[in-house]
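Notes for the one structure printed next.
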Amino acid sequence: MQLMAVHHEEGGFVVRIDLSADFEEDYEGDDDGFAWLEAWRSRVRPRLVRAVFEELRAEPGFVAVAVSRGKDPDEELEIAVRFRPPTGERGET
């Protein structure tokens with residue numbers, strides 16, 4: 001039997017990573033298909049996402065799930081984290 005929550009609390013934490021690249025004067029534009037950005041997306045982003053989820057899931061009582069909410073997954077990752085205290089505890093630290 002699942003009990004209805006009597007109290008609901010919310011909080012938030014934002015990490016924003018803005019990516020940019022600077023090139024020499026002889027740069028000929030994005031003919032390379034934004035190779036620097038693709039390298040970040042294919043190599044760095046997966047490791048970063050994996051590390052974030054590993055740390056969130058390592059904490060007892062916390063459940064982390066990726067949610068899209070209609071956003072482009074190449075541009076944004078949103079994670080819903082819920083705390084579920086063991087039965088009979090109030091979630092205090």
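Every read-out reported here was derived from the displayed coordinates using simple, explicitly stated rules and does not represent laboratory data. Small disclaimer: the values here were computed from a predicted structure and weren't measured. Cβ atoms come from the backbone with ideal geometry, glycine included; neighbour counts cover every protein chain shown.
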Check: the chain dipole with +1 on Lys, Arg Cβ and -1 on Asp, Glu Cβ, in debye: 1140 debye
Taking square-rooted eigenvalues a ≥ b ≥ c of the alpha carbon gyration tensor, is the range 33-76 rounded, prolate or oblate, where a/c under 1.5 means rounded and, failing that, a/b exceeding b/c means prolate? oblate
Between the residues 80, 20, 40, the Cα farthest towards the positive end of the dipole of the chain, that dipole coming from +1 and -1 charges on the beta-carbon of Lys, Arg, Asp and Glu, is from 80
